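Participant: Structure incoming, see below.
The values are calculated or read from the model by the stated rules, or taken from the named source; none is laboratory data. Values in this document were obtained by computation on a predicted structure and should not be read as measured data. Glycine gets a Cβ as well: all are built from the backbone with ideal geometry, and neighbour counts include every protein chain shown. These accessible areas exclude ligands, DNA and RNA; they are computed on the full protein's heavy atoms, side chains included. Shrake-Rupley method; radii C 1.70, N 1.55, O 1.52, S 1.80 Å.
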Amino acid sequence: MGTVITPQLVDIVDTATAVRSFSSGTAHGLRVCQVERWGLRMEYTTPDDPFSDTEITWLLPDLNLRLTQQKPRSRHAKGGPSVLTAVRVLRDGRYWRTTDLLLGLAAPGGTTARIVRSEEFAAAVGGQVLRVGDADLAMCTVHKTLEELSRVRHDLSSWLAHKHIFEVWPPY
């Protein structure tokens, strides 16, 4: 079965109204929407997801990354890995526009991070959904981040501290 090629995924966050709009046409009110010196901190509930209660997302525009963690609905369930996704972020006043570059890393903590979404990325590059510059940015970002994580034994908190981001991750 072939990978389906989708149009570019673009999110727009309005920091004044705390609303995140997705390219699918849906929008979520954000419980947390805070501009930080390192980027943008967001949190919103996921009522349609049977497994996760909340999604926490940090946009790290200087690193071309989006860091995401989903908090499980059951307090007894083990959380999934943190996901670092290559993105292009454009800031225009109160609006943050994020283009998903379809390649990322799953960082489960305590074990080696691994590259994720490579099939979707390859299909988007092959179908010319991703421009060459965006594909290069995604590859360079993901491989650089994987190398940096390996230097700190795949410890995401240590990697964030190395990037001068001292907030606790995941933040719950």
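Participant: According to a simple spin-label model (label point 7 Å from Cα along Cα-to-Cβ), what is the distance in nm between THR46 and GLN8?
Facilitator: Output for this residue pair reads 2.5 nm.
Participant: Further question on the same structure: Would you kindly derive the ³J(HN,Hα) couplings of segment 94-107 from the backbone phi angles with the Karplus curve 6.51 cos²θ - 1.76 cosθ + 1.60 (θ = phi - 60°), listing them in order in whole Hz, with x for Gly and Pro?
Facilitator: Calculated HN-Hα couplings, in order: 7, 9, 10, 9, 10, 9, 6, 9, 6, 9, x, 10, 9, 10 Hz.
Participant: Still on this structure, I have one more. How much of the accessible area of segment 10-163, in percent, comes from carbon and sulfur atoms when a 1.4 Å probe is used?
Facilitator: Of all accessible area on segment 10-163, carbon and sulfur atoms account for 51 percent.
Participant: Residue by residue through segment 76-92, what is 3J(HN,Hα) from phi via Karplus (6.51 cos²θ - 1.76 cosθ + 1.60, θ = phi - 60°)? Round to whole Hz and write x for glycine and proline.
Facilitator: Per-residue couplings from phi come out as 9, 7, 7, x, x, x, 6, 10, 9, 10, 5, 9, 10, 10, 10, 10, 9 Hz.
Participant: Across the Cα atoms of segment 36-172, what radius of gyration and what greatest pairwise Cα-Cα distance (Dmax) are found, in Å?
Facilitator: 15.1, 44
Participant: If amide H atoms are built 1.01 Å from N in the plane of the peptide, which residues on other chains or at least 5 residues away come under 5 Å of the amide H of LEU30?
Facilitator: Under 5 Å from the amide H of LEU30 lie the amide H atoms of VAL19, ARG20, each far enough along the sequence or on another chain.
Participant: Name the most mobile residue of GLY80, GLY109, GLY126, meaning the one with the largest mean-square fluctuation, in a Gaussian network model of the chain with Cα contacts below 10 Å.
Facilitator: The residue that fluctuates most here is GLY126.
Participant: Also: Need one word for segment 1-112: rounded, prolate or oblate. Basis is the Cα gyration tensor (sqrt eigenvalues a ≥ b ≥ c); a/c below 1.5 gives rounded, then a/b vs b/c decides.
Facilitator: Because its axes are fairly even, with a/c under 1.5, segment 1-112 counts as rounded.
Participant: Could you tell me which residue out of LEU9, ALA124, ALA86 lies farthest along the dipole of the chain toward its positive end? Charges go on the beta carbon: Lys and Arg +1, Asp and Glu -1, centred on the Cα centre.
Facilitator: The residue sitting most towards the positive pole is ALA86.
Participant: Along the charge dipole of the chain, which of PRO61, PHE166, THR111 sits closest to the positive end, that is, farthest toward it, with unit charges on the beta carbon of Lys, Arg, Asp and Glu (+1, +1, -1, -1)?
Facilitator: PHE166
Participant: Mean separation of Cα pairs under 8 Å and 6+ residues apart, divided by the residue count of segment 10-163: what relative contact order is that in percent?
Facilitator: With pairs under 8 Å counted, the relative contact order is 15 percent.
Participant: Okay, next question. In square angstrom, what is the accessible area per residue of segment 10-163 with a 1.4 angstrom probe?
Facilitator: 52 Å²
Participant: Hey, can you grab everything whose amide H is under 5 Å from the amide H of GLY80? Only 5+ residues off in sequence or another chain; H modelled, so Pro and N-termini drop out.
Facilitator: When sequence neighbours closer than 5 places are left aside, the close amide H contacts are GLN70.
Participant: Note down the magnitude of the dipole of the chain about its Cα centre, charges +1 on Lys and Arg C-beta and -1 on Asp and Glu C-beta and zero elsewhere, to the nearest 20 debye.
Facilitator: With Lys and Arg at +1 and Asp and Glu at -1, about 300 debye.
Participant: Compute the signed sum of charges (Lys and Arg +1, Asp and Glu -1) over the other residues within less than 10 Å, Cβ to Cβ, of LEU60.
Facilitator: Cβ neighbours under 10 Å give a net charge of 0.
Participant: ALA122 to PHE22: FRET efficiency via 1/(1 + (r/R0)^6), r the Cβ-Cβ distance, R0 25 Å, to the nearest 0.05?
Facilitator: 0.60
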